[in-house]
């Protein structure tokens, strides 16, 4: 389970690399994206209202509530796909 502090750590890491992290969930068409901003996107990558996508949940609560299908990290030099948070956190160095 991630905390709010972990989310901020992920954001700082990915911003330092000039990229973004996209969490794709099995139960919803909406995605949690961490980059310059932390926001919700639809399947086409368009920003949607957070409350429409995830209600009143905070980002760390969303990651604890929904089952992650995959995590995509987009960087200048390409993309990397992770199957779960454990793999991503190992890469980040948590």
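Just so you know, all these numbers are worked out from the coordinates, no wet-lab data involved. Just so we're clear, the structure is a prediction, and the values are computed from it rather than from any experiment. Glycine gets a Cβ as well: all are built from the backbone with ideal geometry, and neighbour counts include every protein chain shown.
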Would you mind listing the strands (runs of 3 or more DSSP E) fully within the range 4-52 where at least 2 residues are over 20 Å from residue 65 (Cα atoms)? none
Do we find that residue 70 is over 9 Å from the mean Cα position of the chain (by Cα) and part of a strand (DSSP E or B) in this structure? yes
Failed condition for residue 79, given (1) in a helix (DSSP H, G or I); (2) loosely packed, with under 13 Cβ neighbours inside 10 Å: (1)
Tell me whether the range 37-57 contains one or more residues that are surrounded by 13 or more Cβ atoms within 10 Å (Cβ to Cβ) and in contact (Cβ under 8 Å) with a residue 40 or more places away in the chain. no
